[in-house]
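The values are calculated or read from the model by the stated rules, or taken from the named source; none is laboratory data. Being a predicted model, the structure only gives us computed values, none of them experimental. Don't worry about glycine lacking a Cβ; one is built from the backbone with ideal geometry, like all the others, and counts go over all protein chains shown. Only protein heavy atoms, including side chains, enter the accessible area calculation; ligands, DNA and RNA are left aside. Shrake-Rupley method; radii C 1.70, N 1.55, O 1.52, S 1.80 Å.
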Amino acid sequence: MALDLVGTVGQPQIAERVILGQWLKNDTLRPIGLQVLKRHNFTCSNCGFASRPSKQIPHGWMIPAGLRHPGLVPSPDAKCLCPMCVAPLALNWSVISKKKKGQELQAPGMLIYCPWIIQRDLNVLASYSVAVKANCRVGRSSAIEAVVRSLDAAISALNEEVGSNTPIYRGKDSDFARSLALLPSEYYRDRSELIGALRWWPNLDYWEQQGLYWYQASTQALHKRFESILEGLL
Ligand SMILES: [Zn+2]
């Protein structure tokens, strides 16, 4: 599974549970997963984002992602990744909205057309934006809020560009992700041409729980990396 490309997984429902931390409730997976996270010091092997554990949130919202498992189930050789780095690998979960009592809920994120920024850098911007947005919601806004708000608006607008730049895209991220997941492996070369310029960006509100925690746990480190990536883009 290439960490620098968006992709799909064989078992999206299981991947969802792993990404949202439900592995922690499983007696077998809990010790395996926590050991992986501890070994990597709760730091993402892909983007470098560092969380920390606490009594209430022992995983710090990090993921022991078993990249060889179709549902990303943790194994002793799993990688420690942040949710922003795992979600793009599971588009057939991360751009699909669910229905609850007949109402459509927000999807975890969206596809964007953005060949000029690599997914890993976007992920750093994403975890920081998620943290700032969640903190604003509880009423402690900061000067950086406006920056994050316009960054989010600018990046989210790139969702509109996906259709005109991607063959077989018919107007809905979810349908595209499902078709991509069904594409047989002999078409993998075509597949990387299809998705090479596509990236994933979170719906910031979807990740509010993670954001609130990260804001407390690691804002300073996040802030530094956010600034350095923004500088690189300007
Ligand atoms: Zn990461």
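If you run the Gaussian network model on the chain, springs between alpha carbon atoms under 10 Å, then out of Gln210, Gln119, Gln106 the most flexible one is Gln106. Taken over the chain, the convex hull of the Cα atoms encloses 132 Å³ per residue. Here Lys133 is the anchor, and the aspartates and glutamates within straight C-alpha reach of less than 14 Å, apart from those fewer than 8 places off in the same chain, are Glu145, Asp152, Asp205, Glu208.
Sequence-ordered 3J(HN,Hα) estimates for segment 52-59 from the Karplus curve with 6.51, -1.76 and 1.60 and θ = phi - 60° stand at 8, x, 9, 4, 6, 10, x, 8 Hz, glycine and proline given as x. Packing here is the average count of other Cβ atoms within 10 Å per residue, and on that basis the peptides 161-170, 62-71, 85-94, highest first, run 85-94, 62-71, 161-170. Extension gain, Gln103-Leu182: 0.36 nm per intervening residue step, less the Cα-Cα distance, totals 25.8 nm.
Using Cα-Cα distances under 8 Å and only pairs 6 or more residues apart, what relative contact order does the chain have, in percent?
Working: 390 pairs, mean separation 57.8, N = 234.
Worked out over the chain, it gives 25 percent.
Using the Cβ of Ile155 as centre and a radius below 14 Å, the other residues enclosed give a net charge of -1, where K and R count +1 and D and E count -1.
Of all alpha-carbon pairs in segment 1-49, indicate the percentage at a distance above 17 angstrom. Everything past 17 Å amounts to 50 percent.
For Lys79, Lys25, the ranking by accessible surface with the largest value first comes to Lys25, Lys79, using a 1.4 Å probe. Helical runs (DSSP H, four residues minimum) scored at -39500 (n - 2.57) apiece and divided by the length of the chain put the mean residue ellipticity at 222 nm at -14000 deg cm²/dmol.
For the pair Leu24 and Asn165, the difference between a 0.36 nm per residue extended length and the Cα-Cα distance amounts to 46.8 nm.
Stretched out fully, how many nm does the piece from Lys172 to Arg52 gain, at 0.36 nm a residue minus the Cα gap? Spell out each step's value before the answer.
On the way: separation 120, 0.36 × 120 = 43.20 nm, distance 3.63 nm.
Gain in length upon complete extension: 39.6 nm.
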